[in-house]
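No lab work stands behind these numbers, since they all come straight from the coordinates. Everything numeric here is computed off the predicted structure, so don't read it as measured data. Glycine gets a Cβ as well: all are built from the backbone with ideal geometry, and neighbour counts include every protein chain shown.
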Ligand SMILES: Nc1ncnc2c1ncn2[C@@H]1O[C@H](COP(=O)(O)OP(=O)(O)OP(=O)(O)O)[C@@H](O)[C@H]1O
Ligand SMILES: [Mg+2]
């Protein structure tokens, strides 16, 4: 026990929830050390060499607002690495930040990945963490991390159902006895909701807005169900017809209409998983309900929306944006759990 504590104290091991929207890093014994958007801002210098200007929050501020030679890149798309080089640079930046820029430290790293990645996609994650300075890399699947982080009894012979709605993927998992019994991952999540809002505003109001504005609208007034008192928001953009800047008033009803299709894809997937549920675990789910994690869990009324469709109680986890990261952190703290739950 004491030896464990001493080793833990000197350990530089970290876990990374490498998300499409946000990357959260935990260090053993320290908890969350960074929590920032998964964005890298780069500039091409006059010799054509790529220079990193900013990573994380500062870089996200630049999305859609950059002059010609500066580019804000989101290296992860739909839950997987879209730009290997940028992902590696981003991981390196976060590792160094976690270790107060002591670049010589080579930690063991647990990285959380979506369920059902192909071998090639898993290899890409592993290699980018290795070339960013890891000594050894373990992968943990996102629904499992979400279930652990949400405090569900993952090691008991009891079914728990978690739905993690991130930026790139919605992951549904039934966990029992430390393993995923059923899992499903679809590439419809927060980002697709933002795009749906952008498309709707363009079609209905002829107004062009960017994805960042789409996200702001979704967060500020988006709702999965009709609200007793609809919310409204003034939205600025460019009129498609006149080409001039214009402002319109958008309501939560507009946003609900806009998000209808992607929300249905999420509820359809949940129904699919419930249809595959082994009867012995079904009773546990009826009793304990469905737990929502990830940033998408914060969509107004999503618990009620899904609950009405699947006729089960649906709850939002405490601090849903941190659930997966907390789960990877717990795996980091308990080496036996780590060996049981990670896979190559
Ligand atoms: N209050 C809110 N209401 C609705 N959506 C929100 C809210 N807060 C954050 N989000 C959305 O949650 C998403 C980010 O969630 P999260 O950090 O869990 O994703 P991620 O882990 O980076 O992505 P993934 O797991 O898919 O790779 C974004 O699409 C963001 O717009
Ligand atoms: Mg996530």
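Couple of notes before you dig in:
- Most fluctuating residue given options 155, 92, 74, as computed from a GNM of the chain linking Cα atoms under 10 Å: 155
- Within the listed set 144, 90, 277, the residue fluctuating most in the Gaussian network model of the chain (springs between alpha-carbon atoms under 10 angstrom) is 277.
- Distance-filtered residues of the range 179-220 - backbone nitrogen under 14 Å, label point 7 angstrom along residue 239 Cα→Cβ: 205-208
- The overall shape of the chain, judged from the alpha-carbon gyration tensor, is oblate: a/c is not under 1.5, and a/b is no greater than b/c.
- Cα-based shape type of the range 190-258, given that a ≥ b ≥ c are square roots of the gyration tensor eigenvalues and the cut on a/c is 1.5: prolate
- Fully extending the segment from residue 206 to residue 333, taken as 0.36 nm per residue of separation minus the present Cα-Cα distance, adds 40.5 nm.
- Gain on full extension, evaluated as 0.36 nm per residue between residue 227 and residue 187 minus their Cα-Cα distance, stands at 11.7 nm.
- Among 228, 268, sorting on how many other beta-carbon atoms sit within 10 Å of each Cβ, with the fewest leading, yields 228, 268.
- Computed over the chain with a Gaussian network model linking Cα atoms closer than 10 Å, the most mobile of 292, 250, 306 is 250.
- Euclidean distance of C-alpha centroids, the range 120-138 and the range 221-242, integer Å: 41 Å
- Given their separation in residues at 0.36 nm each and the Cα-Cα distance between them, residue 121 and residue 51 gain 22.6 nm when the chain is fully extended.
- Cα shape, the range 180-223, gyration tensor, a/c 1.5 rule: prolate
- Approximate spin-label separation residue 65-residue 309, in nm, with each point projected 7 Å along Cα-to-Cβ: 3.5 nm
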